[in-house]
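FYI, it's all coordinate maths here, none of it is from the lab. Note that the structure is predicted; figures quoted are calculated from it, not measured. In this analysis, Cβ positions are derived from the backbone assuming ideal geometry, glycine residues included, and neighbour counts consider all displayed protein chains.
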Amino acid sequence: MKLPYVEPMLATAGTLPSGPGWTGEAKWDGARAVAYIPEAAPVRLLGRRGTDFTARFPELAAALTEVRGPLTLDGEIVVMRGGTPSFAALQSRIHRTRPATVLAGAAAVPALYIAFDLLHLGDRPLLNEPYARRRELLEGLELDRPGLRVPPTWDSVAAAYGWTREHQLEGVLAKRTDSLYAPGTRSHDWIKLKHLRTADVVIGGWLPGGPAGDTLRAVLAGVEAEPGRLQYVGSVGTGFTGAERRALAAALRRLAVPVSPFTAGGRALGLPPGTEVRFVRPELHAEVEFLEITDRGQLRQPVWRGLRD
């Protein structure tokens, strides 16, 4: 039989619920993918909007081929580094399409498929089964093997939050035990919360915004590498109120300098060509939230929290 295509169900960001009726899961920092495992045909691994990952991750296709079908799994492709998922390591794999580079990546940086939901089993679609029943069926399949894992769940969302934070995972998901699977829907039956870290940074420049350049689009952040010189750690463009953007632009204009205070220099900041950059004396300190530090030493998904001085 041909397994029907399923667009992944999505979670809504929010405050974690407590009490009965909810199950806690880890939020994995990877690429969402649905695995289709027919009874007698090649497996397929499709991302959101139908992106085909099958050929890009041959080691996962091989692991899934060992599973008896037909069945459909919902899960995440991750690459582990030091015992935790690394989005940067995944990025080194996910865009490879030439066979030679794909095979080299699979050997050097093998991926793992985390299967956290079961959408089809045998001749039965399971989308209208409650989440608790789908998980029970999934765990009964005993799928764990090299390249393939079924992750744990917690009856207490608070316990899941604590465990995922302790193990430095991306975040936690709370799912209603009676929730049905709603393809392509961002549902309040699934609630997500990321674990963010904070950093103290120094502002070394900014990107002007608005028709007259009188407001701030983003700040350029650094950490002190040597007295008066900053190591660039990225641009921060979210988390500001409108009033903060205007006030910061006015304050930073008074600190203008003609040359970059960053050790990398203005041309090595990785900004799009033609971006208007204004450098400043590195006097203002700020706090930002971020998800992780990339291999390039920059903050991933930084969010403004405020000035420290």
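Observations on the model:
- Note on residue 283 and residue 137: the model spin-label points, each 7 Å out from Cα along the C-beta direction, lie 6.6 nm apart.
- Rg to Rh quotient for the range 68-157, alpha carbon positions, Kirkwood Rh: 1.04
- Once the Cα-Cα distance is subtracted from the 0.36 nm per residue extended length, the residue 303 to residue 166 segment shows a gain of 47.1 nm.
- Between residue 108 and residue 159, the contour length at 0.36 nm per residue exceeds the Cα-Cα span by 14.9 nm.
- Convex hull per residue volume in Å³, alpha carbons only, for the range 227-295: 127 Å³
- Three principal axis extents of the range 89-243 based on alpha-carbon atoms, in descending order, are 63, 44, 34 Å.
- Note that the chain carries a Kirkwood radius of 21.8 Å, evaluated over its alpha carbons pair by pair.
- Sequence-separation-based contact order of the chain, relative, with Cα cut under 8 Å and 6+ spacing, percent: 18 percent
- Among residues other than residue 130 with Cβ under 11 Å from its Cβ, the summed charge is +1 (Lys and Arg +1, Asp and Glu -1).
- For the chain, excluding the exposed loop sites themselves (GluC sites (Glu not before Pro), DSSP loop, at most 16 other Cβ atoms within 10 Å), the longest remaining stretch covers 143-275.
- Summing +1 for each Lys or Arg and -1 for each Asp or Glu among the other residues whose beta-carbon sits under 13 angstrom from that of residue 150 gives -4.
- Zero-based 10 Å bins, Cα pair distances in the range 10-194, whole percents: 9, 37, 37, 15, 1, 0
- Highest-MSF residue in the chain out of 277, 236, 201 [GNM, Cα springs under 10 Å]: 277
- Taking 7 Å steps out from each Cα toward its Cβ at residue 198 and residue 5 produces label points 4.6 nm apart.
- Estimated translational D of the range 157-300 in µm²/s (Stokes, Kirkwood radius over Cα pairs; 25 °C; 0.890 mPa s): 140 µm²/s
- Where Cα atoms sit under 19 Å apart: lysine pairs in the chain separated by 8 or more or lying on different chains: 5
- For residue 239, the residues 5 or more places off, or on other chains, whose built amide H falls under 5 Å of its own are 304.
- Principal axis dimensions, the range 77-129 - Cα atoms, whole angstrom, descending: 39, 27, 15
- Neighbourhood charge, 15 Å Cβ-Cβ cut-off, centred on residue 177 and excluding it, Lys, Arg +1 and Asp, Glu -1: -3
- Shape box of the range 144-225 [Cα atoms, principal axes, largest first, Å]: 53, 34, 28
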